[in-house]
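**Q** Before I ask anything, here is the structure I am working with.
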Amino acid sequence: MPSAKKRTRSYDPAKTRAAVLAQLGHVRHAVDRLTPEQLALPTRLEGWTVRELAAHIGMAVSAVGRALEPDEPARQDAVLLDWPFATSANAAAIDDVTRRLAQDRPDLGAFLAEVERDLTAQLDSHPGTRLLATNVGALPLADYLVTRAVELVVHTDDLNAAVPGLDVPQDRHALAAATRLLADALAVKAPGGSTEVRIPPYAVVQCVQGPRHTRGTPPNVVETDPLTWIRLACGRTVWRDAVAQAKVSASGERADLEGLLPVLA
């Protein structure tokens, strides 16, 4: 895992809470309208139908409650930027639980409504400073909630890709948080100052070793939109395809990020 030595960006806890609940609400309303045929559609996540994907979204959000159940850790021993590099550690277990949830909770709209009620109550009952034992170590609740925004944004995009015409909206603050965390993770993975990655209107980061840019137009510039960046960072889109489709502009000899993607591991 890369060392997250860079100072972690700060996120407004109130905005993060509102964004997570808003995005979960968007997903819940959309899932509640899906037909059995739509729930059976394949997704771009290997082996999962829309039913499994919706169940996984609920599971990802309810992880907050599961992390609150044990006693509070004595001290924080992880930072938010550790999370992107540990997301696949429990992939087999996550797949198993997701499939069981999809089978055991046939009314996914009701399941997500329950998850939403539980999360609201949990956030009302615990301060953002409350430490949670997560898969990367002890993190404050407010930081862990940022990771739930990432999960919701990524999987909302997966839902939209799987169901033609679904068009679940992306909450602006959730999209911003996901964009920024994944951009900062790239800067941790490839530290340096020779390449500027621009994802307007949410993030600009410097990365990649080489001559450091100090003023004027950087010699190496990558620019893309937030959803394309998230798809690249999470392995939903391949770099060369995004460049070929003009979804990404890349100029300079150190502007090829193909070997650094995806960011999530």
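The values are calculated or read from the model by the stated rules, or taken from the named source; none is laboratory data. This one's a predicted model, so the numbers in the text were calculated from it and none came from an experiment. With ideal geometry, Cβ positions are generated from the backbone for all residues, glycine too; neighbour counts draw on all protein chains shown. Surface accessibility is based on the protein's heavy atoms, side chains included, excluding ligands, DNA and RNA. Shrake-Rupley method; radii C 1.70, N 1.55, O 1.52, S 1.80 Å.
**Q** Can you name the residue in the range 62-95 that is closer than 19 Å to Glu52 by Cα and either acidic (Asp, Glu) or modelled with pLDDT of 95 or more (or both) and is also surrounded by the most Cβ atoms within 10 Å (Cβ to Cβ) among such residues?
**A** Taking the candidates together, the pick is Ser62.
**Q** Quickly run through the range 136-181 and pick out the residues that are under 15 Å from the mean Cα position of the chain (by Cα) and open to solvent by 50 Å² or more (accessible area, probe 1.4 Å).
**A** Arg172, His173, Arg180
**Q** Just one of the numbered conditions (1) touching a residue at least 40 places away in the same chain (Cβ under 8 Å); (2) closer than 30 Å to Glu37 by Cβ; (3) assigned to a loop (DSSP other than H, G, I, E, B) is not true of Ile230; which one?
**A** Only one criterion in (1) touching a residue at least 40 places away in the same chain (Cβ under 8 Å); (2) closer than 30 Å to Glu37 by Cβ; (3) assigned to a loop (DSSP other than H, G, I, E, B) is unmet by Ile230, namely (3).
**Q** Still on this model: Looking only at the range 97-109, count every residue that is open to solvent by 80 Å² or more (accessible area, probe 1.4 Å) and either in contact with a Cys (Cβ under 6 Å, 6 or more places away or on another chain) or of a type in the set (D, E, K, R) (or both) and tell me the total.
**A** Of the residues in the range 97-109, the ones open to solvent by 80 Å² or more (accessible area, probe 1.4 Å) are 99-100, 103-104, 106-107.
Filter once more, so that each one left must be either in contact with a Cys (Cβ under 6 Å, 6 or more places away or on another chain) or of a type in the set (D, E, K, R) (or both): 99-100, 104, 107.
Residues in the range 97-109 being open to solvent by 80 Å² or more (accessible area, probe 1.4 Å) and either in contact with a Cys (Cβ under 6 Å, 6 or more places away or on another chain) or of a type in the set (D, E, K, R) (or both): 4 in total.
**Q** Now for a different question. Taking Thr217 and the conditions (1) under 25 Å from Ala250 (Cα atoms); (2) open to solvent by 20 Å² or more (accessible area, probe 1.4 Å); (3) in contact with a strand residue (DSSP E or B) (Cβ under 6 Å, 6 or more places away or on another chain); (4) hydroxyl-bearing (Ser, Thr, Tyr), which numbered condition does it fall short on, given that it satisfies the others?
**A** The failed condition is (3).
**Q** Conditions: (1) part of a helix (DSSP H, G or I); (2) surrounded by 13 or more Cβ atoms within 10 Å (Cβ to Cβ). Leu45 meets all but one. Number of the miss?
**A** Condition not satisfied by Leu45: (1).
**Q** While we're looking at this one, here's another question. Name the single residue that is nearest to the chain's Cα centre (by Cα) among those in the range 247-265 being under 12 Å from Arg198 (Cβ atoms) and not polar (S, T, N, Q). Lay out the reasoning, then the answer.
**A** Narrowing the range 247-265 to residues under 12 Å from Arg198 (Cβ atoms): 248-251, 255.
From the residues that got through so far, the ones that are not polar (S, T, N, Q) too are 248, 250, 255.
Values: Val248: 20, Ala250: 24, Ala255: 24 Å.
Looking at residues that are under 12 Å from Arg198 (Cβ atoms) and not polar (S, T, N, Q), I get Val248.
**Q** Can you tell me how many residues within the range 171-216 are in contact with a Ser or Thr (Cβ under 6 Å, 6 or more places away or on another chain) and either over 21 Å from Lys247 (Cα atoms) or in a loop (DSSP other than H, G, I, E, B) (or both)?
**A** Of the residues in the range 171-216, 4 are in contact with a Ser or Thr (Cβ under 6 Å, 6 or more places away or on another chain) and either over 21 Å from Lys247 (Cα atoms) or in a loop (DSSP other than H, G, I, E, B) (or both).
**Q** Could you please tell me which pairs satisfy a Cβ distance under 9 Å, a separation of 6+ or placement on different chains, a first residue in the range 132-147 that is in a strand (DSSP E or B), and a second residue that is among the aromatic types (Phe, Trp, Tyr)?
**A** Between residues of the range 132-147 that are in a strand (DSSP E or B) and residues that are among the aromatic types (Phe, Trp, Tyr), the close pairs are Leu132/Tyr144; Thr134/Trp83; Thr134/Tyr144; Leu139/Trp83.
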